[in-house]
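A.B. asks: So that we are looking at the same thing, I have put the structure below in structure tokens.
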Amino acid sequence: MISKFPWWIRVPLLFFIIWGLLEYFIDAGDSLAIIKYPVTQFFLLMVLLILIAIEAILKSVENVMFQTLSEEAKARYLQTKNKKVEWTWGKNLFKKLTKSRAIEQEGEIILDHNYDGIRELDNVLPPWWVYMFYATIVFGLIYLVRFHIASDYTQAEEYDMEVAEARIAIEEYKKTAKDLVDVNSVELLTDASDLNAGKKIFTTNCVVCHMADGGGGIGPNLTDEYWILGGGIKNVFNTISEGGRDGKGMVAWKNSLKPSEMAQVASYLLQFQGTTAANPKAPEGEIWVDPNAPEIKEEPEANSGETYETDAADLVEETKE
Ligand code: HEC
């Protein structure tokens, strides 16, 4: 097959196939392997030279062989070599699908009438068009049976199905794209894996100033309900991302931690809330109340239950009277 192509197609074709394979098998991230690993450029250059060398060798072998042939054999050789690739099946198929008449045969199908010199040919409908028309009929029948007789599903159901599928896809996407979180979308993480990851980040980066149990040192106590910069996952995420007040020592971590990591460490350190540190630093800042927390109902008085009972008893007695 390959010998049917002339050498000037064969060499570049093989070259690009080898290059393609090389790019496919060498993982170079976003860039090309030949840019990331310059040694591969050398490799490809070698490949090119070898391909050209093979062509040259083949050519001369053929030449030598040709010279040894008799005159008659030479003629036969040239004849087979110059035979063109025939696309007979393609041509036949085209003929079958169009059924067009060659211009020389048009006389056979020309119609009698003559409108100001315009004459009409009695061509058959081109089979490609007729087949397509049949296909639409089959489609229409299946559609009719499926949706008007068997009532497979309605458009509304189809819509709901697709929306449900899309929802699942979005959930999947969010799982793999955790780094999309920012201050507005961050939520308290509760998965053990996230909290463990958060613990690791805390231990490597934060313990020096906040202590392993969050008791505080250079940084403030993270176990109490007092916050300088606001509590709750969103404020804490923001503090970690943007840093504390100037000159206090809490740097912005957004350049060294990924958003997902900041969410993890923020969720982890919020677990210190309500624990008692071994060596707690005095509270700093103010008590932070979550503005979004569901309203806490006023504690009912200790004896309120009894009051109701007495009330009810009173009522019963009143009605008796
Ligand atoms: C170099 C010491 C230091 C390191 C390291 C450090 N912090 Fe801080 N952190 C501070 C100081 C100081 C403050 C108080 C900032 C202020 O007053 O504005 C603070 C404040 C905070 C606050 C806000 C506390 C509040 O009361 O509002 C949080 C949350 C926090 N740090 C989390 C972290 C996390 C998470 C890390 C690790 C990724 C970390 N810090 C690393 C020194 C540090």
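FYI, it's all coordinate maths here, none of it is from the lab. This is a predicted model, so every value here is computed, not measured. Note that each Cβ is placed from the backbone with ideal geometry, even for glycine, and that neighbours are counted across all protein chains shown.
A.B. asks: Excluding residue 231 itself, calculate the net charge of residues whose Cβ lies under 14 Å from the Cβ of residue 231, where each Lys or Arg counts +1 and each Asp or Glu counts -1.
C.D. replies: -4
A.B. asks: On to the next question. Pairs 59/83; 36/178; 199/234; 200/258; 36/254: which are spaced more than 22 Å apart, C-alpha to C-alpha?
C.D. replies: From the list (59/83; 36/178; 199/234; 200/258; 36/254), the Cα-Cα distance tops 22 Å for 36/178; 36/254.
A.B. asks: Something else: For helix 232-242, report the angle its Cα long axis makes with the longest principal axis of the Cα atoms of the chain; keep it between 0 and 90° and round to the nearest 10°.
C.D. replies: Roughly 60 degrees, rounded to the nearest 10.
A.B. asks: Right, something else. Over the Cα atoms of the chain, how large are the radius of gyration and the largest Cα-Cα distance (Dmax), in Å?
C.D. replies: Every Cα atom of the chain included, Rg and Dmax give 41.4, 140 Å.
A.B. asks: Give a quick list of GluC sites (Glu not before Pro) in segment 3-95 that DSSP marks as loop, anything other than H, G, I, E or B, with at most 10 other Cβ atoms within 10 Å.
C.D. replies: Here the GluC sites (Glu not before Pro) that fit, given the DSSP loop and packing criteria, are 86.
A.B. asks: Sticking with the crude label model, points 7 Å out along Cα→Cβ, report the distance from residue 129 to residue 42 in nm, one decimal please.
C.D. replies: 6.4
A.B. asks: Order of 229-235, 215-221 by packing, highest average Cβ count within 10 Å first?
C.D. replies: Per-residue mean Cβ counts within 10 Å order the peptides as 215-221, 229-235.
A.B. asks: Defining a contact as two alpha carbons under 8 Å apart and six or more residues distant in sequence, what relative contact order in percent does the chain show?
C.D. replies: In percent, rounded to a whole number, it is 12.
A.B. asks: Hey, got the dipole for segment 1-76? About the Cα centre, +1 on K and R Cβ, -1 on D and E Cβ, debye to the nearest 20?
C.D. replies: About 180 debye.
A.B. asks: In degrees, nearest 10, range 0 to 90: what is the angle between the Cα axis of helix 71-82 and the longest Cα principal axis of the chain?
C.D. replies: Roughly 40 degrees between the two axes.
A.B. asks: Right, another one. Counting other Cβ atoms within 10 Å, keep those with at most 12, restrict to DSSP loop, and tell me which GluC sites (Glu not before Pro) in segment 141-208 are left.
C.D. replies: Of the GluC sites (Glu not before Pro), the ones in loops of segment 141-208 whose Cβ has at most 12 other Cβ atoms within 10 Å are 187.
A.B. asks: Sum up the charges of everything whose Cβ sits under 10 Å from the Cβ of residue 109, counting Lys and Arg as +1 and Asp and Glu as -1, but leave residue 109 out.
C.D. replies: Neighbour charge sum, excluding residue 109 itself: -3.
A.B. asks: May I pose another question? Give a quick list of trypsin sites (Lys or Arg not before Pro) in segment 56-89 that DSSP marks as loop, anything other than H, G, I, E or B, with at most 14 other Cβ atoms within 10 Å.
C.D. replies: 83, 84
A.B. asks: Let me ask something else. If I fit a long axis through the Cα atoms of helix 88-98 and take the longest principal axis of the Cα atoms of the chain, what angle between them do I get, 0 to 90°, rounded to 10?
C.D. replies: Once rounded, the angle reads 80 degrees.
A.B. asks: Looking only at 30, 160, 191, which one moves most when the chain is put into a Gaussian network model with springs between Cα atoms under 10 Å?
C.D. replies: Highest fluctuation of the listed residues: 30.
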